[in-house]
Amino acid sequence: MVSRSIAQKICSRSAQEHSKRTTPNVNRLDRIAAYDVTGNHKYLYTAQVIFDDMHKAYNTTPCGGLWWDKPHTYVNAIANELYIDAAAHLAARSGDASQDYLNKALEAWDWFQKSGLINDEWLINDGLDEDTCGNNGGTVW
């Protein structure tokens, strides 16, 4: 079990770490875990703020979904998987806003299933080709 002091240390990271979308995604997970341990709503609020920042970039790629990074260089699976995860976790914890987060999770999952990131064997490809919006033939996880 995570202690309160560890949860507080995890959540005291600098805002300068947020250059990549996956970093805020991971930080959001840290904050939700800290909220679950401590019950301190500042952690949940911070996770919501991080998600809202990510959501501003959702569907701004030529292919739909979320960019891997803020400079918009790549559309990949993990950023989108973590976005779905963030929305689902927040839906389970956000009271009046829960339905909004649930709708965002379902919309993103619908896109993800249709994006070409999942192959016939249900393995996940690393990313999409920006020009064709098809599977880029990269690493399969």
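Calculate the spin-label point distance for TRP122 paired with GLU107, positioning each point 7 Å from the Cα along the beta-carbon direction, and give it in nanometres.
2.7 nm
Each residue of the range 93-106 in turn: what ³J(HN,Hα) in whole Hz from Karplus with 6.51, -1.76, 1.60 and θ = phi - 60°, glycine and Pro shown as x?
Once rounded to whole Hz, the list reads 10, 10, x, 4, 8, 4, 5, 4, 5, 4, 4, 5, 5, 5.
Amide H of ASP69: which non-local residues (sequence gap of 5 or more, or other chain) have their own amide H closer than 5 Å, using H built in the peptide plane?
ARG21, TYR74
Could you give each residue of the range 65-81 its phi-based ³J(HN,Hα) in whole Hz, using Karplus coefficients 6.51, -1.76, 1.60 with θ = phi - 60°, and x for Gly or Pro?
Residue by residue, the range 65-81 yields x, 10, 5, 5, 9, 5, x, 6, 9, 6, 10, 10, 5, 4, 4, 6, 4 Hz.
In Å and whole numbers, how far do the C-alpha atoms of the range 42-130 stretch along each principal axis, longest first?
Its Cα atoms span 37, 30, 17 Å along the three principal axes.
To make sure I understand the rule: partners must be aspartates and glutamates, Cα under 13 Å from the Cα of LYS56, and not fewer than 8 residues away in the same chain. Which ones qualify?
Correct list for LYS56: ASP69.
Please give the contour-minus-distance gain from LYS56 to ASP96: 0.36 nm per residue of separation, less the Cα-Cα distance, rounded to one decimal in nm.
12.4 nm
Mind ordering 120-128, 28-36 by average Cβ neighbours within 10 Å, highest first?
The most tightly packed comes first, giving 28-36, 120-128.
Pick out, in residue order, every one of the chymotrypsin sites (Phe, Trp or Tyr not before Pro) in the range 75-110 that is DSSP loop and has at most 10 other C-beta atoms within 10 Å; say none if there are none.
Qualifying residues, ordered by number: none.
Just so you know, all these numbers are worked out from the coordinates, no wet-lab data involved. No experiment lies behind these values; they were computed from the predicted model shown. For neighbour counting, all protein chains shown are included, and Cβ atoms are generated from backbone atoms with ideal geometry for every residue, glycine included.
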